[in-house]
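Engineer: Take a look at this one; I'll ask things after.
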């Protein structure tokens, strides 16, 4: 089923607009709450660092360059949000992980997102919002399976 709207909106733009709104709101609230002033570009690290990751892995998952991720990690390290340690399996490589301050920052960001989701659910109705989330999860599952 193709999009029948005449305004050139398609699913890619629609979900991107939602993602950008999440980044913008997170940046605004976290800055007001005294957390380091980091724009949405740093979200790549927080989304993909997990319990520790190499810069190359974060870059691959975030679909950006290794150089970009290295820069982001250096800034986050300077701000005390991440630390590096040598990779036990490869002495030439570094593993980056969140510090306790980094975990606090990520948790505060997740709280902002939860509050934003509640606001959006109130705006369109809880039932519609739950249906939207379920549909997006189902579509994401399909997309992940199709990659393999």
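Engineer: Can you tell which of 97, 137, 126 is exposed (fewer than 12 other Cβ atoms within 10 Å of the Cβ) and within 25 Å of residue 50 (Cα to Cα)?
Structural biologist: Sole residue among the options that is exposed (fewer than 12 other Cβ atoms within 10 Å of the Cβ) and within 25 Å of residue 50 (Cα to Cα): 137.
Engineer: A further question on this structure: Taking residue 76, is it surrounded by 13 or more Cβ atoms within 10 Å (Cβ to Cβ) and in contact with a strand residue (DSSP E or B) (Cβ under 6 Å, 6 or more places away or on another chain)?
Structural biologist: Against the criterion (surrounded by 13 or more Cβ atoms within 10 Å (Cβ to Cβ) and in contact with a strand residue (DSSP E or B) (Cβ under 6 Å, 6 or more places away or on another chain)), residue 76 qualifies.
Engineer: Determine which member of the set 51, 90 is farther than 23 Å from residue 30 by Cα and at pLDDT below 95.
Structural biologist: So the residue among 51, 90 that is farther than 23 Å from residue 30 by Cα and at pLDDT below 95 is 90.
Engineer: Here is a list: 85, 66. Which entry is over 28 Å from residue 115 (Cβ atoms), touching a strand residue (DSSP E or B) at 6+ places or on another chain (Cβ under 6 Å) and surrounded by fewer than 16 Cβ atoms within 10 Å (Cβ to Cβ)?
Structural biologist: 85
The values are calculated or read from the model by the stated rules, or taken from the named source; none is laboratory data. Treat the numbers as computed from the prediction; the structure is a model and nothing was measured. All Cβ positions, even for glycine, are placed from backbone atoms using ideal geometry, and neighbour counts span all protein chains on display.
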